[in-house]
Amino acid sequence: MTMRWAYLFGQPQADPSADRIVIERAGQRTILVPVPDESEAAGVAVELVDEGVQLIELCGGFTVQDAARVIDAVRGRAAVGHVTFGLESVTAAAAYKERFEAQYDAGASPAS
């Protein structure tokens, strides 16, 4: 039996169906799935569970509220984990978020 799990992360302008990456090795199927906006993660998660995914891991950029929506949406049909940042990395994570948001607020395309 193949273990199937997915990692969801935010990527502006991404297409969760077309832009995903699948890695299959040693009885495990890993699916990396970008979502254009974290608010779309719950719907994508349900689709993944319908495809047989057993575990969903959410990027640390997702809020606790985003994670709760995903957990509610899959209704116990898959485990949901949420990456969090240790206190020692909060300053660096906040600086990254500020640069990321400034880049996209300025209208930059993801490819630049």
For the chain, with the dipole built from +1 on Lys and Arg beta-carbon atoms and -1 on Asp and Glu ones, taken about the Cα centre, which of Thr63, Gln13, Phe100 lies farthest toward the positive end?
Thr63
At R0 = 41 Å the Cβ-Cβ FRET efficiency linking Lys97 and Met1, nearest 0.05, sits at 0.60
Please compute the length gained on full extension between Ser39 and Asp15, using 0.36 nm multiplied by the number of residues separating them and subtracting their Cα-Cα distance.
7.3 nm
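Taking the Cβ of Thr30 as the center, what net charge do the other residues with Cβ under 13 Å away carry, scoring Lys and Arg +1 and Asp and Glu -1?
Values: positive: Arg4, Arg20, Arg25, Arg29; negative: Glu24, Glu57.
The answer is +2.
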Nearest 10 degrees, 0 to 90: helix 90-105 Cα axis against the chain principal axis
80
Rounded tilt (10° steps) of 64-74 against the dominant C-alpha axis of the chain:
20
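All of the numbers you see were taken from the coordinates with simple rules; none came from a lab. What you see is a predicted model, and the numbers here were worked out from it, not measured in a lab. Here the Cβ is made from the backbone with ideal geometry for all residues, glycine too, and neighbour counts use every protein chain on show.
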